[in-house]
Amino acid sequence: MRRDQPSFVIPMFVSAALLIGSAVHSQSVSTGGKLYDKWWSEAEVTAPDADQSLWATQSSNTRSGADSWRCKECHGWDYKGADGAYGSGSHKTGFAGVFATAVSLSEDELTAWLNGTANSDHDFSAMGDSQIPHIVRFLQEGLIEVAPFIDPETKAAIGGDETHGAELFVSSCAFSACHGDDGRAINFKNPDDPEYVGTIAADNPWEFIHKVRFGNPGTAMPAAVDEGWTMADIIDVMAFAQTLPTGPDVPTAVEPMGWAVAKQAAAR
Ligand code: HEC
């Protein structure tokens, strides 16, 4: 039996390939945001291990290796560097932010900052030439002023609607394969020092907003900027997430030995 291909199959194939091709080449703000967070996870390249060259010009932040290559480590989750949340505390480097300056730089100038042309010590071309346009677009279109949404003293979400936030959390974040009902299905850190959705929301609302807007590098977490969420939606979810547990449950007292014996006896 002859098995002719229906004539529409080939054009469909070609246009699908074109679509995929263009998706790879178009610049995406959310990809740029994830690269800003941790570019090697998002670009799927090897993590750097030596310190970034500019790292030695500061001494207040004692992290080393790959951490010193994260854009956010020097320029902050609020994009304001020394003028923002990383102006104090263990992440303090004293480096300037990009919030005030990136908007006034052209695409070419921003590219030059990222591939080492502007300053050879500020060379991030290890992420791959195809990634840099995403970061450039993120720097031009993705940076926002988050100060109005965060109480600087308590870190509480300002003006968030917890009830609406809870609805969004249940419908978009709590899936069993994702964060779970109380945000503790995934531990971002380690068993001894756990970090959950509630922990980040309470301790680092700047990071929370960035991760919700752009997603988490190298994971399937969707980006609110791609899902059509408004800034109000994000702050509502943050207000709700700040009510979630920030640590493991306090373990209940160990069952006394006698109980096990009594239960065994009862079972006989
Ligand atoms: C080790 C710290 C460090 C890291 C990591 C880092 N930067 Fe920078 N960045 C700096 C410093 C310091 C300057 C200013 C350098 C100078 O003036 O020569 C700078 C300058 C810039 C500028 C130019 C800003 C201006 O005011 O002209 C941009 C844009 C920028 N960085 C974006 C990024 C992005 C995006 C990443 C991540 C891919 C990144 N930086 C990673 C420290 C860092």
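Every number here is computed from the coordinates shown, using simple stated rules; none is lab data. Remember, predicted model here, so these are calculated numbers, not experimental data. Heads up, the Cβs are rebuilt from the backbone with ideal geometry, glycines too, and the neighbour counts pull from every protein chain shown.
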> What ³J(HN,Hα) values, in whole Hz, does the Karplus curve 6.51 cos²θ - 1.76 cosθ + 1.60 give for the stretch 107-118 when θ = phi - 60°, with x put for Gly and Pro?
Replying inline: 4, 5, 5, 5, 4, 4, 5, 8, 9, x, 5, 6
> Which trypsin sites (Lys or Arg not before Pro) does the stretch 189-235 hold that lie in a coil by DSSP with at most 13 other beta carbons within 10 Å?
Replying inline: 189
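With a 10 Å Cβ neighbour count serving as the proxy for reagent exposure, in which order, fewest first, do 91, 179 appear? Numbers along the way, then the final one.
Numbers: 91 18, 179 21.
The fewest-first ordering by Cβ neighbours comes to 91, 179.
How much length is gained if the chain between residue 158 and residue 250 is pulled fully straight, taking 0.36 nm per residue apart and subtracting their Cα-Cα distance, in nm to one decimal? The partial results should precede the final answer.
Details: separation 92, 0.36 × 92 = 33.12 nm, distance 2.96 nm.
In short, 30.2 nm is gained.
Arranged by the count of other C-beta atoms within 10 angstrom, fewest first, what order do 138, 124, 169 take?
On the way: 138 25, 124 19, 169 22.
In order of increasing Cβ crowding within 10 Å: 124, 169, 138.
Taking 1 over the mean of 1/r across every pair of different Cα atoms in the stretch 28-141, what Kirkwood radius in Å do you get? Walk me through the intermediate numbers first.
On the way: mean 1/r = 0.0712 Å⁻¹.
Mean inverse Cα-Cα distance, inverted, gives 14.0 Å.
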>> Full-extension gain between residue 46 and residue 227, please, as 0.36 nm times their residue separation minus the C-alpha to C-alpha distance.
In response: 62.2 nm
